[in-house]
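Below is one structure; the comments refer to it alone.
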Amino acid sequence: MVFKSSRPKIFCIGFNKTGTTSLGYFLEQSGYKVAKQREGERLLPQYIDRDFKAIISYCKKSSSEVFQDVPFSLPNTFVHLDNAFPKSKFVLTLRDSADQWYRSILNFHSKIYNKGEWPTAESLKQSKYIYKGWSWDLMHNVFDTSAENMYSKKEFVEKYEKHIDHVREYFKNKDDKLIEINLSETKDFSKLCDFLNLETEHTEFPRITSQDIASKNFECKFLK
């Protein structure tokens, strides 16, 4: 069965650790149905195999209106999503700098995968998030992490900046389809609301930290 909504689907295509959870939570609190993150993350093997038809099929069958994080945020997925959903909207979340993003993802992964220490190949392979080794599959196949070169800042920053450049180039003649926001910028709250024609009682983005996510001390249906 294919579910339909009167509103266009919204794809959040910023990399993890650019405020995607805070954005998803805000949209959820504003009445949007946000796809369960863990359902999408199970599509990582299909992404690695470049089976975008499976990802598109998932979105078409879903009654959700908003999709964020893996695999929707990964490089090149947005091109296939745009072709499959021509009326969709895309939100590219950014950090203040690539360096800030790198430090955020490294700190978060150290905390959840290796007790605060720099993640190792073994710690990622032993992680049971989604399935055993899912974290290694993501880092190894998407971010080119190897056992000998774990979390290379140069490679991570290049991947982050290349993704942004690709998004901007692809949407350069489709300004009505893409918005770039930094959740730490106050002005970007009203900017997003205008882009989505969203009326809300909220006046700013929620701030959900890595600690909140790790400790699960807030209610967020789409993460379950």
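The values are calculated or read from the model by the stated rules, or taken from the named source; none is laboratory data. This structure is a prediction, so every number in the text was calculated from the model and none was measured. Every residue, glycine among them, receives a Cβ derived from its backbone with ideal geometry; neighbour counts consider all protein chains shown. Please note that ligands, DNA and RNA were not included when accessible areas were found on the heavy atoms of the full protein model with its side chains. Shrake-Rupley method; radii C 1.70, N 1.55, O 1.52, S 1.80 Å.
Okay, here's what the table says:
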| read-out | value |
| --- | --- |
| On Cα atoms only, tilt of 52-61 relative to the major axis of the chain in degrees | 50 degrees |
| Within the accessible area of the chain (1.4 Å probe), percent carbon and sulfur | 47 percent |
| Local net charge near Tyr131, Cβ-Cβ under 10 Å (Lys/Arg +1, Asp/Glu -1) | +1 |
| Note, ³J(HN,Hα) from phi for the range 172-186, Karplus 6.51, -1.76, 1.60, rounded to Hz, x at Gly and Pro | 4, 10, 10, 4, 6, 9, 10, 10, 9, 9, 10, 5, 8, 8, 4 |
| Alpha-carbon centroid distance for the pair the range 1-57 / the range 121-174, whole angstrom | 18 Å |
| Exceeding the 28 Å Cα-Cα cut-off - candidates Lys111/Lys172; Lys9/Lys111; Lys87/Lys221; Lys128/Lys177 | Lys111/Lys172; Lys9/Lys111; Lys128/Lys177 |
| Check: the chain dipole with +1 on Lys, Arg Cβ and -1 on Asp, Glu Cβ, in debye | 720 debye |
| The range 1-58, accessible area per residue, ligands and nucleic acids excluded (1.4 Å, Å²) | 46 Å² |
| Selection from Ser63, Cys193, Phe15, by position along the positive dipole direction of the chain (Cβ) | Ser63 |
| The range 75-168: projected area of the alpha-carbon convex hull, averaged over directions, in nm² | 6.8 nm² |
| Per-residue ³J(HN,Hα) for the range 107-121, Karplus 6.51 cos²θ - 1.76 cosθ + 1.60, θ = phi - 60°, Hz, x for Gly and Pro | 5, 5, 5, 4, 5, 8, 10, 8, 6, x, 8, 3, x, 10, 4 |
